[in-house]
Amino acid sequence: MTVLIDHIVLNVTDDANMMRFYSEVMHFTAERLQEYREGKVPFPSVRINADTIIDFFPGAMWSQGKNDSSGHTNLNHFCLTIDKDGWDRLAQRLAIKGIPVEHGPVARWGAHGSGISIYFRDPENNLIEARYYENKDETQPCLLDS
């Protein structure tokens, strides 16, 4: 099974400052910033490389991830891109082991456009998104099937 890091999601209190830092200091390219400012999409992103982005979730979206008592943690969830066959096998393993899928399958936007995702938690309650893209050719190996 091939797996890539698709995106990282950070909960932010000052999205403009975060976008400025990642654009000006890190030299990452803004994604969907104008659409976010126009209210057409719920969050902006920056591109790390061809395969990976960072999403910046404003306060209204924090409840979608693991929360502390203040409702704010930095990491909302992380996403792994998996080929379709590996994604199907992972979904089967989750079901066999009684690990609930909290959301999905659902179409979600990511580093390569729209893909199909499921969300589940690890033993420490971290939210994991596993996604496949219909027309994405992944070529890097992964040990998730071991």
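All of the numbers you see were taken from the coordinates with simple rules; none came from a lab. Everything numeric here is computed off the predicted structure, so don't read it as measured data. Quick reminder, even Gly has a Cβ in these numbers, built from the backbone with ideal geometry, and neighbours come from all protein chains shown.
So, with +1 on the Cβ of K and R and -1 on the Cβ of D and E, and no other charges, what is the size of the charge dipole of the stretch 3-132 about its Cα centre, to the nearest 20 debye?
In total the dipole reaches around 240 debye.
Out of all Cα-Cα pairs in the stretch 3-132, roughly what percent, to the nearest whole number, are more than 22 Å apart?
37
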